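Data first, discussion second: the structure below is written as structure tokens.
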Amino acid sequence: MPNIVYVDPSNERHTIDLTNGITIMHGAIAHGIAGIVAECGGNAMCATCHVYVEPSQFSNLTAMSDEEDALLDSVAAERRPNSRLSCQLKVSSELEGLIVYVAPTQ
Amino acid sequence: MTYAGKVAHEGEDAVMTDSTIDADPFGRASRSDGQLNEKNFRGAPICDGDPFSLETMEDPFPLQREVREAGPVVWMSKYQCWAVAGFQEVKAVLGNWQTYCSSRGIGLTDFAKEKPWRVPSPLLEGDPPDHTQLRAVLNRVLSPSAVKKLRDQFATVAHEMVGDLVARGRIDAVNDLAEAFPLRVLPDVFGIARGGEKHLLPFGSLVFNSFGPDNELRRAAFTGAAEHIAWFSQQSQRENLAPDSFGAEFYASADRGEIPAEHASMLVRAMVAAGLDTTVNAIAAAVECFARFPCEWDKLRADPALARTAFEETVRYASPFQVFFRTTTRPTEIGDVHLAEGEKVMMFLGAANRDPRHWEDPDRFDISRRVSGHVGFGNGIHMCAGQFLSRLEGEVLLTELAKRVERFEICGTPTRKYNNSLRGLESLPVKLLASA
């Protein structure tokens with residue numbers, strides 16, 4: 001089961017062992033990681049599960065849909081090239097050691 | 001026409017009768033007390049209860065608990081359909097449009113077998129691919145960033161309205177606040193002319209009643225509906241909508257060829273029908289909750305930034321939208337039970353929102369709980385398109401009330417509105433005690 005590293009808005013690192021198939025967003029909620037709001041519960045509507053992905057690992061992720069791309073323009077914090085909505089990122093063995101930085105505001 | 005009755009106990013003190021529910025939903029035993037009978041239907045427990053009776057609406061919690069605790073899926077004998085009431089199960093059904101479709105109707109009527117009461121809405125009663133582009137336009141027009149821009153205008157109305165109500169002291173929190181606020185702000189958002197308020201709530205209530213069985217409530221809702229439907233059809237036409245409104249944006253989208261022109265007016269009607277009664281019920285429920293649980297009101301007054309999550313908790317706790325349906329498109333399984341193609345599945349959203357498997361102390365109204373992921377706004381591709389509008393209304397109102405009101409005191413007997421899929425109050429006599 002892959003380990004995912006969450007860096008929360010106060011810069012604290014949390015390494016969590018997650019099951020394949022759940023989303024990075026759900027992993028954060030389930031393990032009480034601060035800063036993920038996920039107002040729409042993972043339905044790609046609210047843009048409040050915003051994370052910055054470690055740039056060197058960005059290409060390991062599945063491609064972004066047009067919907068996610070449009071929604072990322074709605075994020076409260078700065079949109080950067082490594083911005084993703086964590087409800088659209090599914091945990092898999094390819095993501096072992098993935099580091100995500102939770103956005104400072106949602 | 002509304003049915004009203006006295007409000008019964010909300011079930012928040014009820015104790016789970018089976019506290020040894022194990023974590024495996026497949027291991028849950030059938031129970032034969034209450035409205036479950038000894039037999040089973042294709043291996044599923046049978047429930048003879050009626051979610052659509054006035055008695056159940058008075059106090060839905062016992063039936064919700066029975067259906068939820070009996071097993072992952074239950075057969076409702078009275079309506080010859082399946083029912084799911086557990087959080088996991090309801091979420092799973094809503095998340096799987098391929099197996100549980102909307103195009104055969106989201107009420108008890110199966111459109112493949114019986115004529116729908118109106119031409120099916122390609123939005124509400126559509127599946128991909130027909131649904132997809134329409135929904136994409138809606139999501140864009142009602143996006144979080146678009147809705148955020150409405151904050152100031154909502155706040156101005158809230159400030160004025162709450163000021164008046166606090167000055168009056170004794171009010172009916174339904175008529176004077178919960179209905180008044182959405183009726184005042186929502187038509188403007190969509191560009192609908194003011195002055196037609198008497199049509200707005202009955203139209204929504206009709207749509208929600210139509211999801212139920214052909215009972216007295218449903219028939220009564222249709223009586224006198226013609227004038228509301230006619231008014232709406234007219235008001236949602238391009239020439240009657242204000243420019244710079246969401247309604248005008250739907251037409252702009254049609255002009256760009258993104259959606260068929262006739263769908264623009266349908267989207268206006270759909271949003272207003274779906275967005276009023278539901279939010280009205282949530283706002284009234286919030287006042288009722290804060291009146292009954294003043295410690296939670298004190299929490300909010302001490303930290304008004306909790307207003308948005310407080311409204312969210314209200315939606316979970318009160319679940320204004322209680323029950324609706326999907327239809328199976330193919331044989332499938334829930335737990336060990338086989339469902340055939342073409343069978344209706346009733347989803348108890350309110351019950352799912354109080355499932356102890358998912359929520360800690362589910363019957364407790366707690367504005368600091370982690371509430372995201374509830375199914376009060378649904379789930380999946382049809383999840384409430386207006387959720388950000390609803391949240392903004394709730395957040396802005398609660399923020400203003402938290403500044404001005406020290407305490408809500410229920411000062412008369414609340415009465416209930418009855419509807420086949422909505423749950424809410426008809427009247428809530430309340431005294432607003434002003435903050436110093």
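Which whole number gives the average, over all residues in B:278-289, of C-beta atoms from other chains lying within 10 Å of the residue C-beta?
Values: counts 0, 0, 0, 0, 0, 0, 0, 0, 0, 0, 0, 0.
So the per-residue partner count for this stretch is 0.
Per the Kirkwood formula on distinct C-alpha pairs, the Rh of the stretch B:243-347 is how many angstrom? Present the calculation step by step, with values, prior to reporting the outcome.
Values: mean 1/r = 0.0563 Å⁻¹.
For the stretch B:243-347, inverting the mean 1/r across all distinct Cα pairs yields 17.7 Å.
GNM, chain B, Cα, under 10 Å: largest mean-square fluctuation among B:Ala352, B:Ala220, B:Ala274?
B:Ala220
What length, rounded to one decimal in nm, is gained on full extension from B:Glu406 through to B:Asp152, with 0.36 nm per residue of separation minus their alpha-carbon distance? Could the numbers behind the result be given before it?
Values: separation 254, 0.36 × 254 = 91.44 nm, distance 2.38 nm.
Full extension of this stretch gives 89.1 nm more.
Membrane-span-like helices in chain B: DSSP H runs reaching 20 Å or more (Cα, own axis), mean Kyte hydropathy at least 1.0?
On the way: long enough: B:151-168 (25 Å, -0.04); B:261-275 (22 Å, 0.84); B:277-292 (22 Å, 0.68); B:387-404 (26 Å, -0.06).
Long hydrophobic helices here: none detected.
Can you give the three extents of the C-alpha atoms in the stretch B:336-436 along their principal axes, from longest to shortest, in whole Å?
Sorted largest first, the three principal extents are 61, 29, 29 Å.
Only four residue types carry charge here, +1 at the Cβ of Lys and Arg and -1 at the Cβ of Asp and Glu. Report the dipole size of the stretch B:118-222 about the Cα centre in Debye, rounded to the nearest 20.
Values: 13 positive and 13 negative charges, 47 e Å.
Here the stretch B:118-222 has a charge dipole of around 220 debye.
PRE reach from A:Glu94 (point 7 Å along Cα→Cβ): which of the stretch A:1-30 fall under 18 Å by backbone N?
Within reach of a label on A:Glu94: A:1-5, A:18-25.
Given R₀ = 51 Å, FRET efficiency for B:Arg194-B:Cys295 by Cβ-Cβ distance, to 0.05? Working shown, then result.
Values: r = 39 Å, r/R0 = 0.77.
The value I calculate is 0.85.
So what's the stretch A:1-94 giving for Cα Rg divided by 2.2 N^0.38 Å, two decimals? Don't skip to the answer; put the middle values down first.
Values: Rg = 12.2 Å, N = 94, 2.2 N^0.38 = 12.4 Å.
Dividing the Cα radius of gyration by 2.2 N^0.38 Å gives 0.99.
Of A:Leu98, A:Asn43, A:Ser59, whose Cα points farthest to the positive end of the dipole of chain A (charges on the beta-carbon: +1 Lys, Arg; -1 Asp, Glu; origin at the Cα centre)?
A:Leu98
Run lengths n ≥ 4 of DSSP H only: what is the helix-derived mean residue ellipticity at 222 nm for chain B, with -39500 (n - 2.57) per run over all residues, to the nearest 500?
Value at 222 nm, helices only, nearest 500: -12500 deg cm²/dmol.
So how far apart, in nm, are the two label points at A:Ile22 and B:Ala167 if each is 7 Å from Cα heading toward Cβ?
Label-label distance for A:Ile22 and B:Ala167, simple model: 5.3 nm.
I want to verify a result. In a Gaussian network model of chain B, Cα cutoff 10 Å, which of these has the top mean-square fluctuation: B:Val315, B:Val345, B:Val157?
B:Val157
Treating only the Cβ atoms of Lys and Arg (+1) and Asp and Glu (-1) as charged, compute the dipole magnitude of chain B about its Cα centre; round to the nearest 20 debye. Display every interim value, and only then the final one.
Details: 49 positive and 60 negative charges, 127 e Å.
My answer is approximately 620 debye.
Can you classify chain B as rounded, prolate or oblate using the Cα gyration tensor, where a ≥ b ≥ c are the square roots of its eigenvalues, rounded means a/c under 1.5, and otherwise it's prolate if a/b beats b/c and oblate if not?
On the way: a/c = 1.70, a/b = 1.14, b/c = 1.49.
It is oblate, given that a/c is not under 1.5 and a/b is not larger than b/c.
Peptides B:376-384, B:290-298, A:8-16: what's the order by average Cβ count within 10 Å, highest mean first? All intermediate terms of the calculation are to be shown ahead of the outcome.
Working: B:376-384: 21.7, B:290-298: 17.8, A:8-16: 12.9.
Going by the mean number of other Cβ atoms within 10 Å, highest first, we get B:376-384, B:290-298, A:8-16.
In a GNM of chain B with a 10 Å cut-off on Cα contacts, which of B:Pro414, B:Pro72, B:Pro331 has the highest mean-square fluctuation?
So, out of B:Pro414, B:Pro72, B:Pro331, the one fluctuating most is B:Pro331.
By counting other Cβ atoms within 10 Å of each Cβ, how are B:His263, A:His31 ranked from fewest to most?
Lowest count first: A:His31, B:His263.
Provide the FRET efficiency to the nearest 0.05 for the B:Arg184-B:Ala252 pair, computing r from the beta carbons and using R0 = 30 Å.
On the way: r = 25 Å, r/R0 = 0.84.
Computed FRET efficiency for B:Arg184 and B:Ala252 comes out at 0.75.
With point charges of +1 on the Cβ of Lys and Arg and -1 on the Cβ of Asp and Glu, referenced to the Cα centre of the stretch B:165-318, which listed residue (B:Leu165, B:Pro243, B:Trp231) lies farthest in the positive direction of the dipole?
B:Leu165
Once the piece of chain linking B:Val119 and B:Ala261 is laid out straight, how much longer is it, given 0.36 nm per residue of separation minus the C-alpha distance between them?
Values: separation 142, 0.36 × 142 = 51.12 nm, distance 1.60 nm.
Extra length from B:Val119 to B:Ala261 when fully extended: 49.5 nm.
Using a Förster distance of 35 angstrom, determine the FRET efficiency expected from the C-beta separation of B:Lys39 and B:Asn215, and round it to 0.05. Can you show the working numbers first?
Numbers: r = 25 Å, r/R0 = 0.72.
In this case the efficiency is close to 0.90.
Run the numbers on chain B and let me know its relative contact order in percent, using alpha-carbon pairs under 8 Å that are six or more apart.
On the way: 783 pairs, mean separation 107.8, N = 436.
The value is 25 percent.
Of B:Phe388, B:Phe348, how do they rank once you tally other Cβ atoms within 10 Å and put the fewest first?
Values: B:Phe388 22, B:Phe348 27.
Ordered by Cβ neighbours within 10 Å, fewest first: B:Phe388, B:Phe348.
Past 30 Å, Cα to Cα, is the threshold; run B:Lys91/B:Lys148; B:Lys148/B:Lys299; B:Lys39/B:Lys113; B:Lys115/B:Lys417; B:Lys148/B:Lys344; A:Lys90/B:Lys149 against it and keep the listed order. Walk me through the numbers before you get to the answer.
Values: B:Lys91/B:Lys148 28 Å; B:Lys148/B:Lys299 25 Å; B:Lys39/B:Lys113 28 Å; B:Lys115/B:Lys417 28 Å; B:Lys148/B:Lys344 38 Å; A:Lys90/B:Lys149 32 Å.
Flagged as over cut-off: B:Lys148/B:Lys344; A:Lys90/B:Lys149.
For B:Glu227, project a label point 7 Å along Cα to C-beta. Then give me every residue of the stretch B:169-202 with its amide nitrogen under 19 Å of that point.
Only B:193-202 pass the distance filter.
Readers should treat all values here as calculations from the given coordinates under stated rules, not as data from a laboratory. Please read these numbers as outputs of a predicted model, since none were measured by experiment. All Cβ positions, even for glycine, are placed from backbone atoms using ideal geometry, and neighbour counts span all protein chains on display.
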